[in-house]
Amino acid sequence: LATERGSVPIAWRLYLPEKWAKDRQRRKKVGVPREVKFQTKPEIALGQMRAAKASGVPVGIVLADAGYGNETAWREALGEMELEYCVGIQSVTTVWAAGTGPVPPKANNKLGRPRTRWQRVPGAKPLSAKGLAETLAPQCWRTVVWGEGTNEKLSSRFAAVRVRAAHRDEEGLGAPRAEQWLLIQWPVDQAEPTKYWFSTLPADTTLVDLVKTAKMRWRIERDYQELKQEFGLSHYEGR
């Protein structure tokens, strides 16, 4: 749980690797309870957030790296919990730019069950996040300062556009996915973009606010480092 002034971990979970979880002899030897099953880290995170909401923890914006943000089902689960997010994604993640995307089902002139799935138009393909970034005009990019570094201000070049996620929608959708922000970081001295985020912050959110929100995730890395080194999590052994 974090603000610009500070942060504190509110959930702890001993991670049981899949290799351990499926090894009956090892489980029996060390006394792993039967009800403990293997869960991926995104699954664990969803459970922790549901528990936090149920206990009345103040709701904020979910921040995560691409290890979580790449999973479409994980992002959709956040939407079902009515949680806004700003999460990292990979450059190959596919999106529909404004004005493109699946189309509503056509009326069925023949007898039979009516069509209900939104479909892609033949020949129409979504772009990768990187591919879309490369189509943006120069005026779409702005230099944004988001914080103070050790010796100088932290800044880089960014662009943000409204898109729809396109993951596996060639199989048909019950309804079109909602628009969200695609935030892209492309430093002037780099040959290609370096980072990408999906965000469900409101459509009128400024580029500066999007960038500052995305960059708040540095607190996670800082907290992990301090918890491992100062608090001793990286030295923990259980018996």
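Coordinate-derived values only; no laboratory data. From a predicted model like this one, the values you see are computed outputs, not experimental measurements. Cβ coordinates were reconstructed from backbone atoms using ideal geometry, including for glycine residues, and neighbour counts include every protein chain displayed.
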Using alpha carbon positions and the Kirkwood radius, the Rg to Rh ratio of the chain is 1.03
Using helices alone, I'd like the mean residue ellipticity at 222 nm for the chain: each DSSP H run of four-plus residues gives -39500 (n - 2.57), total over residue count, nearest 500.
-7500 deg cm²/dmol
Filtered pair list for region 1-156 (Lys only, Cα < 15 Å, 8 or more apart or interchain) has a length of 6
Check: C-alpha center region 47-111 vs C-alpha center region 130-188, spacing in Å is 16
Just need the relative contact order of the chain here, percent rounded to a whole number, with Cα pairs under 8 Å and 6+ apart.
17
Name the GluC sites (Glu not before Pro) in region 11-102 that are in a loop by DSSP and that have at most 14 other C-beta atoms within 10 Å, would you?
35, 82
Relative contact order as a percentage, region 1-59, C-alpha pairs under 8 Å and 6+ apart, gives 23
Restricting region 23-81 to chymotrypsin sites (Phe, Trp or Tyr not before Pro) in coil, as DSSP defines it, with at most 15 other Cβ within 10 Å
38
Based on the alpha carbons, how large is the Rg to Rh ratio for region 124-239 when Rh follows Kirkwood?
1.09
Alpha-carbon Rg/Rh ratio, for region 1-74, with Rh computed the Kirkwood way
1.05
For region 130-138, what does the Karplus curve 6.51 cos²θ - 1.76 cosθ + 1.60, with θ = phi - 60°, yield as ³J(HN,Hα) per residue in whole Hz, taken in order and with x for Gly and Pro?
5, x, 5, 4, 6, 8, 6, 5, x
